[in-house]
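Asks: The structure under discussion is supplied below as structure tokens; questions concerning it will follow.
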Amino acid sequence: MSRLQSLRLAQFWRLRIELGALEKTLPAGELFEAIGWLIEGVFCGYFDPREADLVWVRMSRPLSACGVPSPPLVSESLSAEIIKLRESREPFRQSLQMTEGAQKGFELPLFPHALLLANRFYEDRLARVCTFCIRFLSEQEWHDWKRGWSSVDASEVFEKLANPDQASMDLASLLAGYLHVLEHMEASRSFFEYAKSHSPRGGDFESYCQRVGGINAWRVPLHEWDLSPRFKDLSELMEFAIRPVVEREFAYVHSWSVFQGSFSDHISSLVRAWETHHLSASLATA
Amino acid sequence: MGTQPQFDIDDSGHHYHYFDEFPGSFALIAPSESVENAIVFVHGFGGDACGTWTNFHLMIDELQWNSSFSTTDLFFFQYHSVWERIQSSTDRLLKFLQVVVFEPDTRHFTVLLDPILVDGDLESSGPTTNVLSALPADRHYRQIHLIGHSEGGVVIRNAVVKKASRNSPLLRCHLSLFAPAIAGYAPAGLLGTLANFPGVGGIIDALLKAAPAYQDLKDTPFLNKLRRRTEQEARDESKHAFRAHILWGRNDRVVKPDKYEDDDEDFEERNHIQICKPTPQYSTPVGWVSWRMGL
């Protein structure tokens with residue numbers, strides 16, 4: 001075992017399992033995602049397989065409470081991996097691990113940063129409000145919220161952005177959360193572009209995206225036909241908040257359409273990047 | 001607490017360590033036991049310890065830069081840049097520096113190993129102690145560099161001035177600042193906040209470009225006082241921390257490129273957001289920091 005592997009796994013446990021379990025707010029998606037990181041971390045050598053087996057034992061109780069993992073919260077491949085782990089007594093010691101070589105030399109150094117970005121997304125309260133609303137509001141509730149969008153106040157959104165600890169289930173938090181989600185998507189895009197530029201010749205970058213990007217793909221469900229339109233709706237909420245400000249500040253140099261066009265292009269490029277880097281497996285099987 | 005377990009040597013890159021008591025802040029700890037250099041990164045308005053320094057974390061372990069940074073610990077400090085006043089953020093930074101960098105308190109580097117320890121029901125094969133330090137050895141940094149972006153530059157300079165009359169290790173730190181907001185800033189309302197978001201910020205920047213009035217930043221008494229005190233103290237050449245090297249963006253629409261008397265400055269074809277973010281095509285931020293550190 002390595003000293004660093006022990007440190008990494010203990011810290012991972014603290015951040016992703018223990019704290020969530022203490023708050024009794026570790027929903028299935030969060031737990032399955034944590035297992036995804038554990039699997040991938042053992043696969044590339046970031047975590048020690050023997051220690052991962054110990055962690056696995058400790059995860060068994062919350063895992064059984066979450067039921068059988070299935071799409072869309074997890075990808076088909078991750079779901080199969082989790083089921084396979086459940087059937088084994090020493091799952092990680094018996095699991096497949098990367099062999100030394102260019103692909104491992106590429107993936108292992110990137111892993112802690114991919115995990116860092118995922119941890120920040122996980123810990124972001126505002127982003128969580130947004131992803132919760134997208135995923136869990138009923139059609140009727142979403143419709144009711146939309147009817148109130150014209151009343152969103154930019155200053156309230158600013159307050160939420162300024163103090164994320166005050167995030168709550170309201171329009172201002174939803175929009176502030178949406179902006180945070182965009183920020184996470186931007187960070188992800190930047191990371192995968194960096195990764196692509198360092199991918200070894202002859203390596204399988206697409207497989208890397210499917211495995212690593214797929215772990216937290218569920219947070220921005222652009223591949224789910226019933227939820228994807230909600231994400232798109234949120235740019236309208238953005239318009240309600242920001243248009244009065246832009247028109248007041250820049251009316252003499254720009255029309256709203258200039259900002260809207262740029263913003264729309266920006267969102268489209270983020271969506272494309274998220275689909276490419278996180279959802280390619282899901283979209284291929286959809 | 002038991003004895004330290006024996007481990008294999010792991011010669012990978014920097015280790016990511018998260019601080020429980022400083023939420024959002026993290027360190028990239030060099031694998032070497034002998035480390036004399038530390039760099040502390042302080043983000044700006046609306047930024048954070050990760051997004052502001054995009055790619056920095058990754059590039060330092062690249063072959064090209066590894067020889068420069070392999071014996072340097074890097075600390076990415078996070079604070080409530082929007083919600084809290086500068087004085088409060090300064091206080092947070094000073095506390096962070098004191099217990100994490102100047103006199104590293106083992107408490108902040110200790111990780112509980114309980115979840116990976118075996119218990120009575122399981123085969124005994126794990127480590128026998130329940131804590132481990134993220135630091136391979138005790139650290140006594142000989143050279144400490146403070147790197148700030150935007151508001152982070154103001155927070156750093158304010159911290160230095162606060163310690164001016166004392167014999168603080170802060171006064172011996174070196175300062176490198178990316179587009180510091182030392183002559184004012186325009187974070188007005190929602191637009192100002194958005195201007196700091198990656199991506200969206202670029203759009204706002206395009207709007208700001210065409211609005212010179214937005215650039216008329218007001219010099220507050222606080223900023224004027226900070227400047228006066230810093231310039232006064234900079235006459236004492238032994239106090240490195242009162243002189244900074246600054247990298248400005250030529251396309252920056254958010255801050256005025258107005259340095260203090262004893263500062264050095266350079267310019268790059270970047271905007272306020274891009275200036276501190278290295279990419280494979282724009283490695284200047286990493287190279288600049290490396291050069292400033294004399295690495």
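The values are calculated or read from the model by the stated rules, or taken from the named source; none is laboratory data. Given the structure is predicted, the values throughout are model-derived calculations rather than measurements. Neighbour counts are summed over all protein chains in view; Cβ atoms, including those assigned to glycine, are modelled from backbone coordinates with ideal geometry.
Asks: Answer yes or no as to whether A:GLU123 is surrounded by fewer than 21 Cβ atoms within 10 Å (Cβ to Cβ) and either modelled with pLDDT under 90 or touching a helix residue (DSSP H, G or I) at 6+ places or on another chain (Cβ under 7 Å) (or both). Quick ask: steps written out before the conclusion?
Replies: Values: surrounded by fewer than 21 Cβ atoms within 10 Å (Cβ to Cβ): yes; either modelled with pLDDT under 90 or touching a helix residue (DSSP H, G or I) at 6+ places or on another chain (Cβ under 7 Å) (or both): no.
Against the criterion (surrounded by fewer than 21 Cβ atoms within 10 Å (Cβ to Cβ) and either modelled with pLDDT under 90 or touching a helix residue (DSSP H, G or I) at 6+ places or on another chain (Cβ under 7 Å) (or both)), A:GLU123 does not qualify.
Asks: With the condition kept exactly as written, say whether any residue in the stretch A:7-19 is within 14 Å of another protein chain (Cβ to nearest Cβ), modelled with pLDDT of 85 or more and more than 22 Å from the chain's Cα centre (by Cα).
Replies: Within the stretch A:7-19, one or more residues are within 14 Å of another protein chain (Cβ to nearest Cβ), modelled with pLDDT of 85 or more and more than 22 Å from the chain's Cα centre (by Cα).
Asks: Can you tell me which residue among A:SER207, A:SER264 is within 14 Å of chain B (Cβ to nearest Cβ), within 24 Å of the chain's Cα centre (by Cα), at pLDDT 85 or above and loosely packed, with under 15 Cβ neighbours inside 10 Å? Lay out the reasoning, then the answer.
Replies: Values: A:SER207 fails: within 14 Å of chain B (Cβ to nearest Cβ).
Exactly one residue qualifies, and that residue is A:SER264.
Asks: Next question, about the same structure. Could you list, ordered by first residue, the pairs with Cβ atoms under 7 Å in which the first is in the stretch A:204-220 and without any contact (Cβ under 8 Å) to a residue 60 or more places away in the chain and the second is surrounded by fewer than 21 Cβ atoms within 10 Å (Cβ to Cβ), at least 6 apart or interchain?
Replies: From the stretch A:204-220, the pairs are A:PHE205/A:LYS196; A:PHE205/A:SER199.
Asks: Moving on to the next point. For B:GLY201, state whether it is within 14 Å of chain A (Cβ to nearest Cβ), closer than 27 Å to B:ALA49 by Cα, modelled with pLDDT of 70 or more and in a helix (DSSP H, G or I).
Replies: yes
Asks: So, of the residues in the stretch A:45-78 that are of a type in the set (Gly, Ala, Ser) and at pLDDT below 90, which turns out to be nearest to B:LEU112 (Cα to Cα)? Spell out how you get there, then give the answer.
Replies: Our first condition is that a residue be of a type in the set (Gly, Ala, Ser); within the stretch A:45-78, this holds for A:45, A:52, A:60, A:64-65, A:67, A:70, A:75, A:77.
Subset that is at pLDDT below 90: A:60, A:64-65, A:67, A:70, A:75, A:77.
On the way: A:SER60: 21, A:SER64: 25, A:ALA65: 26, A:GLY67: 29, A:SER70: 33, A:SER75: 32, A:SER77: 32 Å.
Restricting to residues being of a type in the set (Gly, Ala, Ser) and at pLDDT below 90, the top hit is A:SER60.
Quick grid of which residues meet (1) in contact with a Pro (Cβ under 7 Å, 6 or more places away or on another chain); (2) surrounded by fewer than 21 Cβ atoms within 10 Å (Cβ to Cβ); (3) of a type in the set (D, E, K, R):
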position: A:ARG58; (1), (2), (3): yes, yes, yes
position: A:CYS66; (1), (2), (3): no, yes, no
position: A:PHE106; (1), (2), (3): yes, yes, no
position: A:LEU110; (1), (2), (3): no, no, no
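Asks: Another question, if that's okay. Mind checking which helices (runs of 4 or more DSSP H) fall wholly inside the stretch A:102-196 and carry at least 2 residues that are without any contact (Cβ under 8 Å) to a residue 60 or more places away in the chain and within 14 Å of chain B (Cβ to nearest Cβ)?
Replies: The qualifying helices (runs of 4 or more DSSP H) are A:102-123, A:125-136, A:154-162.
Asks: Continuing with the same structure: Would you check if there is a residue in the stretch A:224-231 being crowded, with 23+ Cβ neighbours inside 10 Å and assigned to a helix (DSSP H, G or I)?
Replies: The answer is no, given that none of the residues of the stretch A:224-231 is crowded, with 23+ Cβ neighbours inside 10 Å and assigned to a helix (DSSP H, G or I).
Asks: Follow-up. Out of everything in the stretch B:11-23 that is crowded, with 18+ Cβ neighbours inside 10 Å and within 11 Å of chain A (Cβ to nearest Cβ), what residue ends up being modelled with the lowest pLDDT?
Replies: Just the residues of the stretch B:11-23 that are crowded, with 18+ Cβ neighbours inside 10 Å, to begin with: B:13-19, B:22.
Those still in the list that are within 11 Å of chain A (Cβ to nearest Cβ) too: B:13-19.
Details: B:GLY13: 89, B:HIS14: 95, B:HIS15: 95, B:TYR16: 96, B:HIS17: 97, B:TYR18: 96, B:PHE19: 96.
The residue in question is B:GLY13.
Asks: Return yes or no: is B:PHE178 at the interface with another protein chain (Cβ under 10 Å from one of its Cβ atoms) and at pLDDT 95 or above?
Replies: Numbers: at the interface with another protein chain (Cβ under 10 Å from one of its Cβ atoms): no; at pLDDT 95 or above: yes.
No: the conditions fail for B:PHE178.
Asks: Got a sec? Which of B:ASP236, B:ASP252, B:ASP262 is part of a loop (DSSP other than H, G, I, E, B), of a type in the set (D, E, K, R) and either touching a residue at least 60 places away in the same chain (Cβ under 8 Å) or buried (at least 16 other Cβ atoms within 10 Å of the Cβ) (or both)? Walk me through it before giving the result.
Replies: Numbers: B:ASP236 fails: either touching a residue at least 60 places away in the same chain (Cβ under 8 Å) or buried (at least 16 other Cβ atoms within 10 Å of the Cβ) (or both); B:ASP262 fails: either touching a residue at least 60 places away in the same chain (Cβ under 8 Å) or buried (at least 16 other Cβ atoms within 10 Å of the Cβ) (or both).
Just a single option satisfies the conditions, and that option is B:ASP252.
Asks: Let me ask something else. Within the stretch A:267-286, how many residues are at pLDDT below 95, surrounded by fewer than 14 Cβ atoms within 10 Å (Cβ to Cβ) and not polar (S, T, N, Q)?
Replies: Of the residues in the stretch A:267-286, 3 are at pLDDT below 95, surrounded by fewer than 14 Cβ atoms within 10 Å (Cβ to Cβ) and not polar (S, T, N, Q).
Asks: Filter the stretch B:124-137 down to residues that are more than 9 Å from chain A (Cβ to nearest Cβ) and modelled with pLDDT under 80 and give me whichever is nearest to A:GLN11 (Cα to Cα).
Replies: Filtering the stretch B:124-137 for residues that are more than 9 Å from chain A (Cβ to nearest Cβ) and modelled with pLDDT under 80, the one nearest to A:GLN11 (Cα to Cα) comes out as B:THR129.
Asks: Consider A:HIS180 carefully, then state whether it is crowded, with 22+ Cβ neighbours inside 10 Å and within 16 Å of A:THR276 (Cβ to Cβ).
Replies: Numbers: crowded, with 22+ Cβ neighbours inside 10 Å: yes; within 16 Å of A:THR276 (Cβ to Cβ): no.
When the stated conditions are applied, A:HIS180 does not pass them.
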